[in-house]
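Since the structure comes first, as structure tokens, the remarks are kept for the end.
The values are calculated or read from the model by the stated rules, or taken from the named source; none is laboratory data. Just so it is clear, the structure is predicted and the values come from calculations on it, not from any experiment. Positions of Cβ are backbone-derived with ideal geometry, glycine not excepted, and every protein chain shown enters the neighbour counts. For accessibility, only protein heavy atoms count, side chains too; no ligands or nucleic acids. Shrake-Rupley method; radii C 1.70, N 1.55, O 1.52, S 1.80 Å.
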Amino acid sequence: MVSSLVEGGAMAWGGLLYLKHLWDSWKSHRIGIYGLWACGKTTLNRYLNTSGDLEEDTARMTSTAHPYDKKKKQYVPPNATRKRIHVLSEANQSFRRTILSSDIGGQSEYFNLWVRDLVLRDVEVIIYLVDSRDDPDGLQEATFRDFTRIIAERDFRFTERKLRKKARNYQPKVVALVANKSDLWLNPDERAYYEGSGIGRHPIFDAYRPHLVRLQRAGIPTLKRSISALHGYDVERLIWDCLKAKS
Ligand SMILES: Nc1nc2c(ncn2[C@@H]2O[C@H](COP(=O)(O)OP(=O)(O)O)[C@@H](O)[C@H]2O)c(=O)[nH]1
Ligand SMILES: [Mg+2]
């Protein structure tokens, strides 16, 4: 009698674990990928659609564009697509997860579109891509500063009432600052070194630190990671870390 009760309990527990596994893998997480033109947003989206090495593309030819709605006087954001992807835990275990993400262009005229996308889709995980480009005017840093300031202060300034209302309660669950193209700026020795001490200490992040601090102060957790979207280095771990930080 007792043993069959225990067995029944174990079976129920096993069933619950299985249900949890199904839930974890099918529940969708809303992710937004932003950053200046040519930092690798489209490449990352393509990688998430089909992992593996990707063909190189020239930036100009693939530059992402959006239609302009003349009546509403604004660009029309793309729809988010659902992707079933593999993520990789600290223990190098692979799990399936479902994400919703869209590919938005990085030209400065689209900046307002990023902000709209955040609130419209109630984006939970922000992946902000930067790279090691020559940036004499500091545009890459200034854009991240403006973006994070708007989020931290909830200073959205939408004209539509509906959106303004939505924006009042909007807050992302995590912001990941991701230095892409690590194949170009992170050599294997450096990589091994930072694996021990944490890639977040790499000087590539230095210019952005004050803006991350502002987010933290506003109660928004942040992450610093590096990936190569083109070669698929560290992408599965990045998504794992983001989903873990948001839950
Ligand atoms: N070496 C290298 N090049 C990359 C990487 N990710 C993207 N690129 C290249 O950078 C250029 C711009 O990428 P794209 O995804 O179009 O950037 P987007 O404008 O942000 O969508 C393309 O030529 C990509 O092949 C990477 O991890 N390493
Ligand atoms: Mg693009």
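At 1.4 Å probe size, what's the solvent-accessible area of W23? Round to the nearest 10 Å².
Roughly 150 Å² of W23 is accessible to a 1.4 Å probe.
List the trypsin sites (Lys or Arg not before Pro) within region 130-197 that fall in a DSSP loop (any state other than H, G, I, E or B) and whose Cβ has at most 11 other Cβ atoms within 10 Å.
R157
Can you give the relative contact order of region 89-220 as a percent, counting alpha carbon pairs under 8 Å and 6+ residues apart?
Reported as a whole number, the value is 33 percent.
Between E190 and W26, take the C-beta separation as r, use R0 = 30 Å, and let me know the FRET efficiency to the nearest 0.05. Present the calculation step by step, with values, prior to reporting the outcome.
Details: r = 38 Å, r/R0 = 1.28.
Step by step, r from the Cβ atoms, then E = 0.20.
For T43, T159, T148, what's the largest-to-smallest order of accessible area, 1.4 Å probe? Write down the numbers at each step before the final one.
Working: T43 35, T159 120, T148 0 Å².
Output order, biggest surface exposure first: T159, T43, T148.
Rounded to the nearest 500, what is the chain's calculated 222 nm mean residue ellipticity when only DSSP H runs of at least 4 contribute -39500 (n - 2.57) each, over all residues?
On the way: 10 runs with 106 residues, N = 247.
The helix-only estimate for the chain comes to -13000 deg cm²/dmol at 222 nm.
With a ≥ b ≥ c the root eigenvalues of the C-alpha gyration tensor of region 123-199, is it rounded (a/c under 1.5), prolate (a/b larger than b/c) or oblate?
Values: a/c = 3.75, a/b = 2.08, b/c = 1.80.
Judged from the Cα gyration tensor, region 123-199 comes out prolate (a/c at least 1.5, a/b above b/c).
Want the number for T81 to R217: 0.36 nm per residue separation, take away the alpha-carbon distance, what's left?
Going from the current span to full extension adds 45.8 nm.
According to the square roots a ≥ b ≥ c of the eigenvalues of the Cα gyration tensor, what is the shape class of region 27-246, taking rounded for a/c under 1.5, prolate for a/b larger than b/c otherwise, and oblate for the remainder?
rounded
Using label points projected 7 Å from each Cα along Cα→Cβ, tell me how many nm separate R161 and E109, to one decimal.
3.1
If you find the alpha carbon centre of region 145-198 and of region 73-143, how far apart are they in angstrom?
9
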